[in-house]
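The values are calculated or read from the model by the stated rules, or taken from the named source; none is laboratory data. Computed from a predicted structure; not experimentally measured. In this analysis, Cβ positions are derived from the backbone assuming ideal geometry, glycine residues included, and neighbour counts consider all displayed protein chains.
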There are 2 protein chains.
Amino acid sequence: MYTVKEVSKLLGLTEHTIRYYTDKGLVPSVQRDKNNNRLFDEESLNWLIGVKHLKQCGMSVEDIKSYVDLCLEGRSTIQERYGIIMKQKATALAQLEEAKQRAKYMEEKANHYLDIINEVLPDDTNPGKWQKNMPIAH
Amino acid sequence: MYTVKEVSKLLGLTEHTIRYYTDKGLVPSVQRDKNNNRLFDEESLNWLIGVKHLKQCGMSVEDIKSYVDLCLEGRSTIQERYGIIMKQKATALAQLEEAKQRAKYMEEKANHYLDIINEVLPDDTNPGKWQKNMPIAH
DNA sequence: TATAACCTTCGAGTAACACGAAGTCAAGAG
DNA sequence: CTCTTGACTTCGTGTTACTCGAAGGTTATA
């Protein structure tokens with residue numbers, strides 16, 4: 001059983017965010033101890049991991065709540081839930097492509113700065129100084 | 001030269017966001033036509049692409065503004081700018097790893113749903129029905 | 001017994017848009 | 001020549017998802 005603080009360290013979410021999610025009903029299986037403190041078992045932890053992934057896919061808290069409610073309704077909602085997951089899976093794959101591009105861009109940018117620092121190129125990263133026929137640095 | 005609408009389509013940002021960024025000074029090279037409409041040339045477009053990437057790395061609008069101001073100051077700030085870019089590059093690489101994990105998770109989740117729909121497994125994605133000794137589905 | 005180290009709820013504040021109203025301007029239709 | 005369409009403008013409010021801090025309860029250690 002994990003406290004909010006422990007879950008925070010395990011998942012890399014702030015304690016505030018974890019309380020916010022549980023209060024919104026995104027982790028229906030979370031329990032309380034005799035002092036009213038939130039207690040997460042393995043199941044709650046796994047649910048929260050799922051919530052975290054769905055959130056990072058771009059789903060709103062409200063939409064995740066709807067999904068969780070569908071889960072609580074049982075088998076009859078499986079097709080609908082599958083549709084939601086398929087959509088978020090597509091989003092995740094698109095995000096992966098974007099992340100690759102972003103990493104590549106930042107790497108090139110860093111190398112470009114190195115070139116400037118080594119005086120191989122003039123400082124054309126300054127937008128105010130850019131002139132026609134100069135290579136574009138951004 | 002591109003209008004706000006064209007830039008919106010090119011970069012996948014909303015027109016609102018583009019105006020917001022230019023108003024905040026994140027694209028210093030953007031011009032206006034005789035009717036006061038924002039006009040983007042190649043340079044402005046490239047700057048906005050850079051801003052978009054920095055934003056997606058998790059930088060705040062305020063911090064990006066500081067970075068842009070450093071750029072406008074010229075060569076003397078190169079080392080500082082290089083430091084910022086190196087940090088964001090590290091972030092981008094970490095994000096790439098997370099995106100991979102997320103895509104993998106969503107793929108497994110989708111396959112799991114397929115198994116349930118094909119009645120290979122019971123519906124143990126329902127947190128309210130989870131029991132000890134049952135396999136964890138999330 | 002007090003001091004710290006946890007946890008709680010609650011309410012206000014913030015970042016980054018998102019949206020809509022109200023107005024300007026240029027081009028094409030009748 | 002007026003009218004409508006459509007894209008742009010500014011400005012001000014609304015929304016989401018936190019984020020922070022205050023005020024207070026409980027338990028372990030000194």
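Some points to look at:
- Counted residues, the range A:20-36 - those being over 21 Å from A:Cys71 (Cα atoms), within 11 Å of DNA strand D (Cβ to nearest atom) and either at pLDDT 95 or above or in a strand (DSSP E or B) (or both): 0
- Hits in the range A:71-82 - residues which are surrounded by fewer than 18 Cβ atoms within 10 Å (Cβ to Cβ) and within 22 Å of the chain's Cα centre (by Cα): A:Tyr82
- Within the range A:44-59, if we keep just the residues that are within 11 Å of DNA strand D (Cβ to nearest atom), more than 17 Å from A:Asp23 (Cα to Cα) and part of a helix (DSSP H, G or I), the residue that is nearest to the other protein chains (Cβ to nearest Cβ) turns out to be A:Gln56.
- Among the residues of the range B:57-67, those that are within 11 Å of DNA strand C (Cβ to nearest atom), farther than 19 Å from B:Gln79 by Cα and out of contact with any Lys or Arg (no Cβ under 6 Å at 6 or more places or on another chain) comprise B:Gly58, B:Ser60, B:Glu62.
- Within the range B:83-105, residues that are more than 7 Å from chain A (Cβ to nearest Cβ) and surrounded by 14 or more Cβ atoms within 10 Å (Cβ to Cβ) reach partners that are part of a helix (DSSP H, G or I) and of a type in the set (Asp, Glu) with beta carbons closer than 9 Å, at six or more positions or on different chains, in the pairs B:Ile84/B:Asp63.
- Positions within the range B:5-43 being under 19 Å from the mean Cα position of the chain (by Cα), more than 14 Å from chain A (Cβ to nearest Cβ) and within 13 Å of DNA strand C (Cβ to nearest atom), in sequence order: B:Ser8, B:Thr14, B:Glu15, B:His16, B:Thr17, B:Ile18, B:Arg19, B:Tyr20, B:Lys24
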